[in-house]
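The values are calculated or read from the model by the stated rules, or taken from the named source; none is laboratory data. Just so it is clear, the model here is predicted, and its values are computed rather than measured. Cβ: placed from backbone, ideal geometry, glycine included. Neighbour counts: every protein chain shown.
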Amino acid sequence: MPNPSLLILPGDGIGPEVMAEVRKVIDWFGTHKDVSFDVTEDLVGGAAYDAHGVPLHDDTMAMAQKVDAVLLGAVGGPKYDELDFSVKPERGLLRLRKEMDLFANLRPAQCFDALADFSSLKTEIVSGLDIMIVRELTSGIYFGEPRGIMDDNEGGRVGINTQRYTTSEIRRVARSAFELAKKRNNRVCSMEKANVMESGILWREEVQWVHDNEYPEVELSHMYADAGAMQLVRKPKQFDVIVTDNLFGDLLSDAAAMLTGSLGMLPSASLGAPMANGRPKAMYEPVHGSAPDIAGEGKANPIACILSFAMALRYSFDMPQHADIVEGAVEAVLAQGIRTADLLGEEGKSPVTTSEMGDAIIAALGTS
Ligand code: NAD
Ligand code: IPM
Ligand code: MN
């Protein structure tokens, strides 16, 4: 069997910093577990724009379609604020998601015991939290037509985006959510705004259809997304799997990140249809962005990116026991009180650097 292939796209800002720590974990597996990957590294986002004048080169796109999995750091930053919309760093990421057809974005929010009293919410509300947000990733208002900024014929301008969902787009992401729920606590809560949006009415009806026809054994509930946001901070442990659209999922997952203590903790997997080898098309990335406010200072928390690699081990490479080892090492390091600055708060003393956190995780792996 050839080694699994991995395309690494560190991107911008703290992307390359956190990715360097993932490379240590990958190397550790090569040395200690005889698990090797064929790794290719390339540019995305502002870094690709600087080199090629586009945020994703066609060759990189072609490579992403070929490999077993893509691992991405983060894109964007103030340096690129004035660029034309079509070449902004974020367009590179959106192109990868769209052309690979990665429709199911899994964003788990898990509260590690050692961080339960660091969350901005009360300890008892978040301790033991383990929820999974499934965000639709290739449609909705992010991609719907018509879109653009145009003259409004009254001397002003109009900015247009279109929320649009088809039956098949809703059904396939609903199936992903029900499948995940079956392996977890068997509950799905679907969130939309069926009270004000026709696309929300269709969303609710189609998720219900998939439930009734294919997954009647899974418990399904529906919630308006605004109420869902409130419930997510009021009583997050009521949820198991949440399934929602592209934009609501973006907002709800950033909010869920703070339940776990920091945006620097949250990994994600973006999955598409199975390829010829049976593996799903897949890209793994932290939920956080390029964090321009701390980029280049060695302050970034690499855990979200390292846990994203653990998700790749689980969902792309069929190595759940190795994913457990990585997650266990992260847990052990946190239990030892080792913290990057984002996990310490205002008065926090002696944070470790990005690279020290990576080294601590390698040390913890060493004993597993
Ligand atoms: P951000 O996630 O980059 O940062 C938000 C806050 O969280 C900042 O204070 C940052 O310092 C902190 N933070 C984020 N990740 C951290 C980490 N690993 N360790 C410690 N602290 C961390 O979001 P933003 O500031 O809204 O966006 C900055 C840029 O990133 C924008 O260009 C945006 O479009 C882009 N972005 C990219 C992605 C992605 O590549 N997937 C995701 C979100 C935002
Ligand atoms: C995310 C980000 C992206 C999104 C941006 C950078 C395109 O916020 O991955 O959550 O809005 O999906
Ligand atoms: Mn986001």
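Is at least one residue of segment 260-270 away from ligand 1 (no atom under 14 Å from the Cβ) and either farther than 30 Å from M197 by Cβ or buried (at least 21 other Cβ atoms within 10 Å of the Cβ) (or both)? No; the residues of segment 260-270 include none that is away from ligand 1 (no atom under 14 Å from the Cβ) and either farther than 30 Å from M197 by Cβ or buried (at least 21 other Cβ atoms within 10 Å of the Cβ) (or both). Looking only at segment 11-29, residues that are over 16 Å from the mean Cα position of the chain (by Cα) and within 16 Å of ligand 2 (Cβ to nearest atom) come to 2 in all.
When L121, L137 are checked against the criterion of being in the same structural domain as Y215 (by TED's automatic domain parsing) and either among the hydrophobic types (A, V, I, L, M, F, W, C) or in contact with a His (Cβ under 8 Å, 6 or more places away or on another chain) (or both), L137 stands alone in meeting it.
Search segment 276-293 for residues being away from ligand 2 (no atom under 13 Å from the Cβ) and assigned to a loop (DSSP other than H, G, I, E, B), and hand back the single one that is surrounded by the fewest Cβ atoms within 10 Å (Cβ to Cβ). Checking each candidate, the answer is A276.
Taken over segment 60-100, the criterion of being without any contact (Cβ under 8 Å) to a residue 12 or more places away in the chain and either part of a helix (DSSP H, G or I) or surrounded by 18 or more Cβ atoms within 10 Å (Cβ to Cβ) (or both) is satisfied by A62, F85, S86.
Regarding S86, is this residue within 27 Å of D254 (Cα to Cα) and touching a Cys at 6+ places or on another chain (Cβ under 7 Å)? No, not satisfied. When P292 is tested against (1) in the same structural domain as L202 (by TED's automatic domain parsing); (2) within 16 Å of ligand 3 (Cβ to nearest atom); (3) out of contact with any Phe, Trp or Tyr (no Cβ under 7 Å at 6 or more places or on another chain), just one condition goes unmet, and that condition is (1). Taken over segment 121-133, residues that are assigned to a loop (DSSP other than H, G, I, E, B) and among the hydroxyl-bearing types (S, T, Y) amount to 1. Reported count of residues in segment 294-332, each being of a type in the set (K, R), more than 11 Å from ligand 1 (Cβ to nearest atom) and not in a helix (DSSP H, G or I), is 0. Residue count for segment 102-120 under the criterion of being surrounded by 17 or more Cβ atoms within 10 Å (Cβ to Cβ), more than 12 Å from ligand 2 (Cβ to nearest atom) and not in a helix (DSSP H, G or I): the result is 11.
Table: residues versus (1) more than 19 Å from F118 (Cβ to Cβ); (2) surrounded by 24 or more Cβ atoms within 10 Å (Cβ to Cβ); (3) of a type in the set (G, A, S); (4) away from ligand 3 (no atom under 16 Å from the Cβ).
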position: I303; (1), (2), (3), (4): no, yes, no, yes
position: Y315; (1), (2), (3), (4): yes, no, no, yes
position: D318; (1), (2), (3), (4): yes, no, no, yes
position: A332; (1), (2), (3), (4): no, no, yes, yes
position: Q336; (1), (2), (3), (4): no, no, no, yes
